[in-house]
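The values are calculated or read from the model by the stated rules, or taken from the named source; none is laboratory data. Keep in mind it's a predicted model, so treat the numbers as computed, not measured. Note: ideal-geometry Cβ built from the backbone for every residue, glycine included; neighbour counts use all protein chains shown.
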Amino acid sequence: MARKPRDCRAVVTALRALRPDILEADLALQDPPRLEFDAGQWVSVPLGGKIVRAYSIASPPARASSITLCADVAPGGPGSRWFRGLAPGTEVRFSGPLGGFVFAHDDPRRALFVAEEIGIVPIRTILGDLRARGIARPMGLVFWGRDPGWLPYDREFRALAQTDPAFSYHPVAQEAEPAWPGVRGGLAEVVEAVASRVEEQVVYVAGGAATIHRVREILMARGRDRKSVKWEKFYG
Ligand SMILES: Cc1cc2nc3c(=O)[nH]c(=O)nc-3n(C[C@H](O)[C@H](O)[C@H](O)COP(=O)(O)OP(=O)(O)OC[C@H]3O[C@@H](n4cnc5c(N)ncnc54)[C@H](O)[C@@H]3O)c2cc1C
C-alpha cells in the first residue's frame, strides 16, 4: 500500500566520500522518529525558494530510524552545494517517502536492472531489500559508468555475483585500464545482449533521460510493451 509522504526533520550523523564527488550522508530521524518506505523510493529536499532536489534512499527500509542518502556532487548545482555543505549535526528537512520506482513483487517476469552511474542508488536499495527478505529470483544488473571510478558499490555487486548464482552482474565502463575486469564501451550494446537472452523480462532503469530513452528504444524494438520498462529519471 502506498504510504503518504510527510514532512520530516533529521540530523546528519555521519558523512562518507565514496570518491571525491560521490558522498553518503546518514540522517537520524527526529520527527517522525521512523520513516517507513519501500526500497527504491526517494525524499524531496527543499533548498529555498522554488528549488527542490530529490534523493533516493540508499539505506534499507528495515532500518527505519535513520536513512542514508548518496549523491553525485559533480554537477555542482544547488543540490550538490547543499550536499557538500552537510556536516555532523546539520539539521535537514525533507518530505517523503515519494515515488513508484519499487520492485513489483507480483510480476513473475525476470528482472533486469540497468543503472547509469549514481542511478545505482535506488537499484542497490531494491537489491539489498530483496536479499534481506530472502527473495532469490534470477535477476541481472547492467551498471554503466564513464570509468570504473564512477561505478560506486561495484565491489559489493561483484561479491554478490560470486555468492549468488541467481544474480548476474555486468559492469560496463566507457574507458578503463587494461587490467579492469569488465566490459568497455557503451551501455546500449550490453543491454541489447543481456535482454536478447531472456524473453519475458521487466527492466528497471535509473539514470539520465538519454539512457532511459535508449534502453526503452532497445526493448521496444524487441517487441516488448511499454509496461516492461520501469524508470527513474535523475536528470536531463
Ligand atoms: C526521483 C529522483 C531521485 C534522485 N536520486 C538521486 C540520488 O540518489 N543521488 C543523486 O546524486 N542524485 C539524485 N537525483 C538527482 C538530484 O535530484 C539532482 O538533480 C542532482 O543531485 C543534481 O543537482 P544539482 O542541483 O547539483 O545540479 P542541477 O543544477 O540540477 O544540474 C546541473 C546540470 O547537471 C546535470 N546533471 C544532474 N545530475 C547529473 C548527474 N548525476 N550526471 C550528469 N549530469 C547531471 C543536469 O542535467 C544539469 O544540466 C534524483 C533525481 C530524481 C528526480
message = Can you pull out every residue in segment 25-48 that is at pLDDT 95 or above and within 19 Å of Gly77 (Cβ to Cβ)?
response = Ala25, Trp42, Val43, Ser44, Val45, Pro46, Leu47
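Going by the structure shown, is Ser65 free of Cβ contacts under 8 Å to residues at least 40 places away in the same chain and within 24 Å of Arg131 (Cβ to Cβ)?
So Ser65 fits the description; yes.
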ask   = Residue check: is Leu151 within 18 Å of Thr211 (Cβ to Cβ), under 16 Å from the mean Cα position of the chain (by Cα) and more than 16 Å from the ligand (Cβ to nearest atom)?
value = no
query = Out of (1) outside any strand (DSSP E or B); (2) away from the ligand (no atom under 11 Å from the Cβ), the odd one out for Asp26 is which?
reply = (1)
message = Taking the conditions exactly as written (β-branched (Val, Ile, Thr), at pLDDT below 95 and in the same structural domain as Glu117 (by TED's automatic domain parsing)), does Ile212 satisfy them or not?
response = no
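One line per residue, one yes/no per condition, for (1) modelled with pLDDT under 95; (2) among the acidic types (Asp, Glu); (3) in the same structural domain as Gly48 (by TED's automatic domain parsing):
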site: Arg93; (1), (2), (3): no, no, yes
site: Pro122; (1), (2), (3): no, no, no
site: Gly128; (1), (2), (3): no, no, no
site: Leu141; (1), (2), (3): no, no, no
site: Gly145; (1), (2), (3): no, no, no
site: Pro148; (1), (2), (3): no, no, no
site: Asp154; (1), (2), (3): no, yes, no
site: Ala161; (1), (2), (3): no, no, no
message = Please verify whether Phe113 is of a type outside the set (A, V, I, L, M), buried (at least 21 other Cβ atoms within 10 Å of the Cβ) and either assigned to a strand (DSSP E or B) or within 15 Å of the ligand (Cβ to nearest atom) (or both), treating the condition exactly as stated.
response = yes
inquiry  = What pairs come out if I take residues in segment 213-236 that are within 20 Å of Arg110 (Cβ to Cβ) and pair them with residues that are in a helix (DSSP H, G or I) whose C-beta lies under 6 Å away, six or more apart or interchain?
reply    = Val215/Val191; Ile218/Val191; Ile218/Glu192; Val229/Arg216; Val229/Leu219; Trp231/Ile212; Glu232/Pro122
request  = For Pro33, state whether it is more than 14 Å from the ligand (Cβ to nearest atom), of a type outside the set (A, V, I, L, M) and under 16 Å from Tyr153 (Cβ atoms).
outcome  = no
ask   = Before we move on, is Arg93 assigned to a helix (DSSP H, G or I) and over 15 Å from Lys230 (Cα atoms)?
value = no
message = I need the full set of residues from segment 39-66 which are in contact with a strand residue (DSSP E or B) (Cβ under 7 Å, 6 or more places away or on another chain), assigned to a loop (DSSP other than H, G, I, E, B) and more than 13 Å from the ligand (Cβ to nearest atom), in order please.
response = Ser65
key: Asp129 acidic (Asp, Glu) and either without any contact (Cβ under 8 Å) to a residue 24 or more places away in the chain or buried (at least 24 other Cβ atoms within 10 Å of the Cβ) (or both)   = no
